[in-house]
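The values are calculated or read from the model by the stated rules, or taken from the named source; none is laboratory data. Model, not experiment: these values are computed from the prediction. All Cβ positions, glycine included, derive from the backbone under ideal geometry; neighbour counts span all protein chains shown. Side chains are part of the model used for accessible areas, which takes the heavy atoms of the whole protein and leaves out ligands, DNA and RNA. Shrake-Rupley method; radii C 1.70, N 1.55, O 1.52, S 1.80 Å.
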Protein chains: 2
Amino acid sequence: MRSQHEFGTRERIVRTTSRLIQRQGYEATGLKQISQEAEATLGSVYHFFPGGKRELAVEAIGHGEREFTEFLQAAFDREDDPAAAMVACARDLATGLRESDWLDGCPVTTAALESAGRVPEIQQAAESAYENWRALVRAKLARAGFAEDVAHDLAHSVINMLEGAELSAQVSQSTAPLEIAGRHLAVLVNAYRARHQVATSDS
Amino acid sequence: MRSQHEFGTRERIVRTTSRLIQRQGYEATGLKQISQEAEATLGSVYHFFPGGKRELAVEAIGHGEREFTEFLQAAFDREDDPAAAMVACARDLATGLRESDWLDGCPVTTAALESAGRVPEIQQAAESAYENWRALVRAKLARAGFAEDVAHDLAHSVINMLEGAELSAQVSQSTAPLEIAGRHLAVLVNAYRARHQVATSDS
DNA sequence: GACTAAATAGAGCGTTCGTTCTAGGGGGTT
DNA sequence: AACCCCCTAGAACGAACGCTCTATTTAGTC
């Protein structure tokens, strides 16, 4: 956070906006605050983003999408078994949330909800983020031998459960929802695996 | 929505605020808009809610909590089997969402995310809402014979999955996430039932 | 060294925000 | 009729909002 001197002005603005939107949402985040915390001026903001706040927010959501994609990818590369990977995801999500004093939830969700049906560009950026995350999970499950339609449906529920659990963890300031989510996702994944392959140990 | 002449001024203000917060969040909802749509004046708003916008928002979230509690209760009364009740919940949620042109998501979540760590009163109101909803699910599962700790954990994941799926459905303007969530919640619930009771048919 | 385009700088626009304030109506009790 | 009190009414405040505008500085090319 402190001193992002290694980044160019444009990148600094995007990163700052992404973090601010993650913590306080789209509406509560002002361009003045962004320019101050990014150590840029209002002139610079409008130079790089002539479309104003909306264009900047779309870019910031794209940044958040990339961030979480890397997070998922790392967990999937570390754990071979999909069920184990879900548990690891939930655990790491809980750790990150606690270490940020319950401030850094999903970098996309808040803006997505605020803008649903009101700011189409932002809604589309959020939809694209969710779709790409689901595709990542789907690919992981397919690689593990799950049928395509099963993997497609499971990917929806994995992302949705993680999303809901993170929201719940943030609001209740507790890691319990995410830990439970990890366990239950493993049970769910193994339930579908058991139907087509061999039985597995439970969580 | 149109013409709430049967309600008193105070009730009209609370209902309008709840609906506006549900659709566009806490920050984007102004007191002027509230007083206009509630057909009240600013003076009335401050008369009933001297604490201003925050006090009104807390009341509105409480109204949203009661609304969803009644929704859950109705589904639980209609369906005896918990797994079937989850499927019904998800289906009805999807129907309501589509019929509102994907505008009316969870009346609590948006404000909860916007205010997490910044507006304690609102965060607490949201936390209390989630806790009460979980208690309802927990009681339903306990009544169906689930052990207390199992019911406690399942209640978390049921609410979180519905929450995440509704968010996803709203952003992608599709009922698919909620339908999948209903099916998967039934599988999850039955997976735990199978461990302690008898095997059941799948979804 | 002169020319050009990119980037930075910040004053100021009109608007809207949450809030405060004082004044005015509408019934009920005495 | 006089009184009181709950409620309504809306003008006005300072602050903050997104955005526009005109300069000025910086960096690269001939």
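Numbers for the structure displayed
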| item | result |
| --- | --- |
| Set B:194, B:135: member being modelled with pLDDT of 95 or more and among the aliphatic types (A, V, I, L, M) | B:135 |
| Residue, farthest from residue B:119 (Cα to Cα), within segment A:96-106, restricted to residues that are under 14 Å from the mean Cα position of the chain (by Cα) and open to solvent by 10 Å² or more (accessible area, probe 1.4 Å) | A:96 |
| Residues that are more than 14 Å from chain B (Cβ to nearest Cβ) and charged (D, E, K, R), drawn from segment A:8-27 | A:10, A:11, A:12, A:15 |
| Residues (assigned to a helix (DSSP H, G or I), touching a residue at least 24 places away in the same chain (Cβ under 8 Å) and touching an Asp or Glu at 6+ places or on another chain (Cβ under 8 Å)) located in segment A:133-162 | A:133 |
| Residues being open to solvent by 20 Å² or more (accessible area, probe 1.4 Å), of a type in the set (A, V, I, L, M, F, W, C) and more than 8 Å from every other protein chain (Cβ to nearest Cβ) - total across segment B:162-195 | 1 |
| Of residues in segment A:38-61 being among the small types (Gly, Ala, Ser) and open to solvent by 30 Å² or more (accessible area, probe 1.4 Å), the one farthest from residue A:125 (Cα to Cα) | A:43 |
| Any pair with Cβ under 6 angstrom, 6 or more apart, that starts in segment B:99-127 at a residue that is more than 9 Å from chain A (Cβ to nearest Cβ) and ends at one that is surrounded by fewer than 23 Cβ atoms within 10 Å (Cβ to Cβ) and of a type in the set (Lys, Arg) | B:121/B:54 |
| Residues of segment B:28-87 satisfying the condition of being touching a Leu at 6+ places or on another chain (Cβ under 8 Å), assigned to a helix (DSSP H, G or I), within 16 Å of DNA strand C (Cβ to nearest atom) and within 14 Å of chain A (Cβ to nearest Cβ) | B:33, B:53 |
| Residues that are within 9 Å of DNA strand C (Cβ to nearest atom) and open to solvent by 30 Å² or more (accessible area, probe 1.4 Å), drawn from segment A:11-27 | A:12 |
| Complete set of residues in segment A:126-161 that are open to solvent by 10 Å² or more (accessible area, probe 1.4 Å) and of a type in the set (Gly, Ala, Ser) | A:128, A:135, A:139, A:142, A:144, A:145, A:147 |
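Residues are listed down the side, and each one gets a yes or a no for (1) closer than 16 Å to residue A:170 by Cβ; (2) in contact with a Ser or Thr (Cβ under 6 Å, 6 or more places away or on another chain); (3) charged (D, E, K, R); (4) open to solvent by 40 Å² or more (accessible area, probe 1.4 Å):
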residue: A:63; (1), (2), (3), (4): no, yes, no, no
residue: A:68; (1), (2), (3), (4): yes, no, no, no
residue: A:74; (1), (2), (3), (4): no, no, no, yes
residue: A:77; (1), (2), (3), (4): no, no, yes, yes
residue: A:81; (1), (2), (3), (4): no, no, yes, yes
residue: A:88; (1), (2), (3), (4): no, no, no, no
residue: A:94; (1), (2), (3), (4): yes, yes, no, no
residue: A:112; (1), (2), (3), (4): yes, no, no, no
residue: A:124; (1), (2), (3), (4): no, no, no, yes
